[in-house]
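Worksheet: one structure, shown below.
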């Protein structure tokens, strides 16, 4: 991935998804808006970092890794959206 586009990519993702994401995970009342926004940025930056690692390493087991990370995220999010 071209590092020069990383900031623009994250900004576009943020503009298109942030408000819906925050609304969804604050609905239960478990997180404040500020906490939900922090979780949002943590998740998108973590996903970007993992993609960089997997693309650079040309890993053959990326599907297994992706599934593990997805399960981790879903389990954590379940604590705030149930």
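Just so it is clear, none of the values below were taken in a lab; they were calculated from the coordinates. Owing to the predicted nature of the structure, the values given are computational and were not obtained by experimental measurement. A quick note on method: Cβ atoms are made from the backbone with ideal geometry, for glycine too, and the neighbour counts reach across all protein chains shown.
Once you reduce segment 33-79 and segment 11-28 to the center of their Cα atoms, the two points are 16 Å from each other.
Value of Rg to Rh for segment 3-81, rounded to two decimals, is 1.02; Kirkwood radius and Rg both from alpha-carbon coordinates. In the chain, the DSSP-assigned H stretches of four residues or longer account for a calculated mean residue ellipticity at 222 nm of -28000 deg cm²/dmol, using -39500 (n - 2.57) per stretch and the full residue count as denominator. Computed from Cα atoms, the angle from the helix 6-26 axis to the main principal axis of the chain rounds to 30 degrees. Each label was represented as a point 7 Å from its Cα along the Cα-to-Cβ direction; for residue 17 and residue 58 these points are 2.8 nm apart.
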